[in-house]
Amino acid sequence: MELFGVRTSESARVLLWVFGLLFRPMVLAEQEGENLSGLSTNPDKGIFAVRENGTTCLMVEFAVKLTVPFDVLALNGIDLITEQASLPLPRGAEIEGRCASTESEIHISWKNNAYTLHIYFAKEFRDKGVEVWKISKVQFFYDTAETSHFSNAYNPGKHTASTHHLSALVTPAGQSYVCAAQQTLTLISTDHQKGVTLSMYDIQIQPFDITSDFVFSEPYKCITDQRERLEEALPLVLGFVLGLIIVITLTVYHFHLKLTAQQPQLPRDRSMYKNM
């Protein structure tokens with residue numbers, strides 16, 4: 001009996017050791033979502049973070065609006081009419097997420113999980129071995145039975161809208177994507193293949209390589225912002241060049257008058273040459 005008790009004790013220790021190894025990575029890789037939207041001065045913009053072991057591994061700062069088409073029954077009780085529901089992303093949303101070396105994701109839910117937005121990020125190598133990150137997939141889960149946005153929806157129920165073969169907001173690795181201009185993505189819904197529009201603006205996102213807690217890395221500005229800044233600066237540059245040309249022209253003209261005034265004036269009347 002004593003020998004049996006010893007063996008049982010040893011077996012229990014081995015099992016505990018095995019379970020410890022299995023669950024140790026889960027403990028070490030504890031991840032949590034945080035809503036920091038209260039720090040934003042823009043009432044439409046949310047700030048969300050995913051943290052791993054107390055360190056920020058993913059940050060998203062943006063204003064979002066989803067436009068979702070849905071069917072309602074016409075007054076004749078036969079035909080269907082398509083209406084549009086406008087869903088802004090609330091600042092009080094709940095956050096979950098996951099971080100890894102080459103893939104990460106953030107889940108944003110509100111209205112008691114009636115609406116959930118999943119954004120997936122991935123790293124990849126492009127031409128000449130340049131490493132970049134991008135949004136690789138977006139999914140939006142919604143319930144047309146939620147009447148605050150879907151009033152009188154026909155055949156209400158849960159649906160999923162997803163992107164296909166997405167490669168959006170491509171950014172060099174180690175940098176954050178910054179864009180004030182609106183960026184739009186189209187998702188295809190399981191509700192009769194309707195197109196759901198995701199509009200984002202005032203954006204700053206970084207899903208990888210955050211070196212300081214709650215601090216974005218060097219910004220990578222979107223092409224739209226760069227173009228708009230160039231369009232704003234172009235009139236100033238043209239005005240400066242035009243002003244410079246005018247100054248140079250007046251200066252040359254002034255020196256020309258000065259040189260002309262210093263030259264001896266020859267008599268215009270040819271008869272005066274005879275008396276010389």
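The values are calculated or read from the model by the stated rules, or taken from the named source; none is laboratory data. Just so we're clear, the structure is a prediction, and the values are computed from it rather than from any experiment. Here Cβ is always computed from backbone atoms with ideal geometry, including for glycine, and neighbour counts include all displayed protein chains. Areas reflect the complete protein model, heavy atoms only, side chains present, ligands, DNA and RNA absent. Shrake-Rupley method; radii C 1.70, N 1.55, O 1.52, S 1.80 Å.
Could you list, in their original order, any pairs among LYS134/LYS194; LYS65/LYS134; LYS45/LYS221; LYS137/LYS194; LYS45/LYS65; LYS65/LYS137 whose Cα atoms are separated by more than 22 Å?
LYS134/LYS194
Provide the net charge surrounding VAL130, with neighbours chosen by a C-beta distance below 14 Å and charges set as Lys +1, Arg +1, Asp -1, Glu -1.
+1
Which net charge results when you count Lys and Arg as +1 and Asp and Glu as -1 among the other residues whose beta-carbon is under 14 Å from that of SER151?
Net of charged neighbours comes to -4.
Modelling each spin label as a point 7 Å along the Cα-to-Cβ direction, I'd like the PHE125/LYS111 distance in nm, to one decimal.
4.5 nm
Report PHE125's accessible area, 1.4 Å probe, all protein chains in place, as a number in Å² to the nearest 10.
Approximately 140 Å² for this residue.
Provide the net charge surrounding ALA173, with neighbours chosen by a C-beta distance below 13 Å and charges set as Lys +1, Arg +1, Asp -1, Glu -1.
Local net charge: -1.
Let me know the Rg and Dmax you get for region 106-212 when you use only its Cα atoms, in Å.
Expressed in Å, the Cα Rg and Dmax of region 106-212 come to 16.2, 54.
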